[in-house]
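Structure first, commentary second.
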Amino acid sequence: MRKMRRKGLASMAVQTVASTTDSAAANSVDLGPAAALSCRECGHRVPLGPVFACEECFGPLEIAYDFSAHDTEELRKRIEAGPANIWRYAPLLPVPADVATKPNLNPGWTKLVQADNLARELGVDAGKLFVKDDSGNPTHSFKDRVVAQAIEAARAFGFTTLSCSSTGNLAGAVGAAAARAGFRSCVFIPHDLEQGKVVMAAVYGGELVGIEGNYDDVNRFCSELIGDPAGEGWGFVNVNLRPYYAEGSKTLAYEICEQLGWRLPDQLVIPIASGSQLTKIDKGLRELIGLGLVEDRPYKIFGAQAEGCSPVSTAYKAGHDVVRPQKPDTIAKSLAIGNPADGPYVLDIARRTGGAVEDVDDGRIVEAIKLLARTEGIFAETAGGVTVGVTRKLLESGALDPSLTTVVLNTGDGLKTLDAVAGTGLTATIRPSLESFREAGLV
Ligand SMILES: *Cc1c(COP(=O)(O)O)cnc(C)c1O
Ligand SMILES: [Zn+2]
């Protein structure tokens with residue numbers, strides 16, 4: 001049945017496997033503790049290389065690690081003594097040990113904000129609600145975490161051009177990281193994205209191509225390009241480098257637990273585009289438990305989507321384990337993936353942990369952006385409006401327990417989605433005189 005769920009990857013997999021099995025470097029690359037690629041569906045293992053789908057069953061490949069050498073206390077000390085960015089977790093990531101010395105953007109170690117004002121508004125117990133604010137990353141979204149991993153894989157496999165299909169934030173993250181690391185970049189986005197995202201993606205000097213279509217069209221185009229001589233030597237961070245890229249999201253799990261004093265949160269609310277981030281946060285939490293860095297306690301994972309692009313929450317509510325693609329129509333463009341690759345795994349995780357997947361409409365997204373700004377001084381992009389809006393909805397329905405430690409992710413910066421709050425502006429326009437100020441009724 002799982003094989004059926006992943007049919008779309010089949011044609012891409014064959015081409016990619018065929019073009020990379022002759023890569024002599026595949027067995028000797030140094031990506032730290034990464035030992036091999038392993039199929040998520042059937043467990044088939046292949047050497048590290050730029051492949052992303054299993055040659056046996058077309059299931060997605062992910063990194064298998066050898067963590068056996070780690071002593072828990074030593075590892076904890078080493079992490080705590082590390083740099084204030086994701087490389088403090090280098091021993092748990094598919095990167096060489098000296099990664100921190102290479103030119104990259106050093107993302108991560110973003111703020112975990114104790115959101116007591118928001119908690120009060122939402123009826124959550126004092127001290128229990130936190131916002132993990134990833135707008136503080138170098139290109140102002142969580143995507144810097146994943147691109148930083150993909151860059152190391154691209155170096156290891158000898159790619160010279162970095163590329164991606166993007167809903168906006170990834171394009172900027174790839175452009176910036178490529179500029180700093182000395183790669184050429186050529187990235188693809190839907191042509192009608194928010195201006196903030198287009199400028200952010202273009203300013204780093206790489207090539208930026210708008211595709212007439214939605215994200216799923218862009219993604220399909222990139223799959224074709226990978227199989228074509230025109231795409232030879234190109235590392236697509238979220239396609240042929242996807243197994244490496246995806247691991248970057250584990251750092252959100254590591255940081256949240258370390259920032260809580262090496263404790264698991266009880267509940268997490270995570271946005272879903274392709275579902276990769278949510279899936280890998282779960283993987284990161286399980287690794288910390290396995291390594292003895294946190295106590296093994298239950299946690300619940302909640303997925304958040306916009307109503308106008310809610311293939312995963314629709315499947316969740318219907319009790320399905322197959323995700324039916326949708327045509328997105330929402331202001332939350334960074335989450336507008338109608339055919340999410342990791343959708344089925346998100347369903348598994350929400351159900352296994354006792355969480356849920358919920359969605360909110362555009363009106364509630366805008367309200368939630370303003371609520372978070374007004375209560376905590378955090379200006380989130382629409383994806384943050386989705387998680388805060390879904391948090392509110394889940395509290396109202398009783399699915400989220402207001403007495404438990406809850407972490408809500410804000411994955412991007414409101415400056416990139418200004419249109420969403422376009423009605424927000426001047427309270428009054430006055431002449432530069434006290435008289436005029438009084439007339440405006442503000443005193
Ligand atoms: C890409 C993105 C996500 C999550 O993407 P996944 O494909 O589910 O990993 C979340 N928020 C923002 C702002 C993003 O750009
Ligand atoms: Zn397989």
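None of the figures in this text is laboratory data; all of them are computed from the coordinates on show. It should be emphasised that the depicted structure is a prediction, and the values quoted were computed from it without experimental measurement. Here the Cβ is made from the backbone with ideal geometry for all residues, glycine too, and neighbour counts use every protein chain on show.
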Only residues that are charged (D, E, K, R) and surrounded by fewer than 23 Cβ atoms within 10 Å (Cβ to Cβ): list them for the stretch 328-370, please. Asp329, Asp348, Arg351, Arg352, Asp361, Asp362, Arg364, Glu367, Lys370
Quickly run through the stretch 146-203 and pick out the residues that are under 23 Å from Asp98 (Cα atoms), assigned to a helix (DSSP H, G or I) and among the β-branched types (Val, Ile, Thr). Val146, Val147, Ile151, Val174
Members of the stretch 285-299 that are in contact (Cβ under 8 Å) with a residue 40 or more places away in the chain and either within 27 Å of Pro328 (Cβ to Cβ) or assigned to a helix (DSSP H, G or I) (or both): Glu287, Gly290
Can you pull out the residues in the stretch 76-135 that are in contact (Cβ under 8 Å) with a residue 60 or more places away in the chain, surrounded by fewer than 17 Cβ atoms within 10 Å (Cβ to Cβ) and touching a Phe, Trp or Tyr at 6+ places or on another chain (Cβ under 8 Å)? Arg76
Filtering the stretch 140-170 down to residues that are touching a Lys or Arg at 6+ places or on another chain (Cβ under 7 Å) and within 16 Å of ligand 1 (Cβ to nearest atom) yields His140, Thr167, Gly168, Asn169, Leu170
Within the stretch 232-239, is even one residue touching a helix residue (DSSP H, G or I) at 6+ places or on another chain (Cβ under 6 Å), touching a residue at least 24 places away in the same chain (Cβ under 8 Å), of a type outside the set (Gly, Ala, Ser) and part of a helix (DSSP H, G or I)? no
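Conditions tested, residue by residue: (1) in a helix (DSSP H, G or I); (2) under 15 Å from Ala422 (Cα atoms); (3) more than 16 Å from ligand 2 (Cβ to nearest atom); (4) among the β-branched types (Val, Ile, Thr).
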position	(1), (2), (3), (4)
Ala350	yes, no, yes, no
Val357	no, no, yes, yes
Gly385	yes, yes, yes, no
Pro402	no, no, yes, no
What number of residues within the stretch 39-73 are surrounded by fewer than 17 Cβ atoms within 10 Å (Cβ to Cβ), outside any loop (DSSP other than H, G, I, E, B) and more than 16 Å from ligand 2 (Cβ to nearest atom)? 2
The stretch 301-337, residues that are basic (Lys, Arg) and in contact with a Gly (Cβ under 7 Å, 6 or more places away or on another chain): Lys327, Lys333
Enumeration of residues in the stretch 321-336 that are of a type in the set (A, V, I, L, M, F, W, C), part of a loop (DSSP other than H, G, I, E, B) and out of contact with any Asp or Glu (no Cβ under 7 Å at 6 or more places or on another chain): Val322, Val323, Ala332, Ala336
Within the stretch 258-280, how many residues are surrounded by fewer than 23 Cβ atoms within 10 Å (Cβ to Cβ) and assigned to a helix (DSSP H, G or I)? 2
